[in-house]
Amino acid sequence: MTEYIFETPVVREGPSGGHRLFEFYKLNVGISIVRDAGTYRQVRYLTDEDLRSYQEVYLGGNKHVVSATTRAALIAGGVDVTADNFTAL
C-alpha cells in the first residue's frame, strides 16, 4: 500500500519579534490536525492532556507518514488539507 508524508497546513504570523524591523518578517506556524469522535479539525494550541484525548493527532510543523486511506480521509475532512500537503514515499 502506498504511504505518504503529510505536512500539516501553515499560517503566516508576524511580526516575529519586538524590534521595528521584525514587523516586515513573518513566520510559518504549523497548525495541528486532530481527529475527535471521527471528525477532523484544526487545533492551534494543544496541551499534554489534550493529546491523550484525541483518536489521531498530527502536530503542526511536523511531517507524518500516513497511509493512502488516511490521506483520503484528511483531504475529505474539510480542514484545509489538500493533495499538496502530501508527498508519496
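The values are calculated or read from the model by the stated rules, or taken from the named source; none is laboratory data. Remember, it's a predicted structure, so these values are computed and weren't measured experimentally. Reconstructed Cβ throughout: ideal geometry from the backbone, glycine too, with neighbour counts over all protein chains shown.
Some notes on this structure:
- Residue within the range 39-54 that is surrounded by fewer than 16 Cβ atoms within 10 Å (Cβ to Cβ), polar (S, T, N, Q) and farther than 24 Å from Phe86 by Cα present: yes
- Per-region count, the range 35-81, residues over 16 Å from Val10 (Cβ atoms), assigned to a helix (DSSP H, G or I) and within 13 Å of the chain's Cα centre (by Cα): 2
- Test: residue in the range 21-34 that is out of contact with any strand residue (DSSP E or B) (no Cβ under 9 Å at 6 or more places or on another chain) and not in a helix (DSSP H, G or I): yes
- Subset of the range 4-20 (residues that are within 29 Å of Thr69 (Cβ to Cβ) and either in a loop (DSSP other than H, G, I, E, B) or at pLDDT below 90 (or both)): Thr8, Pro9
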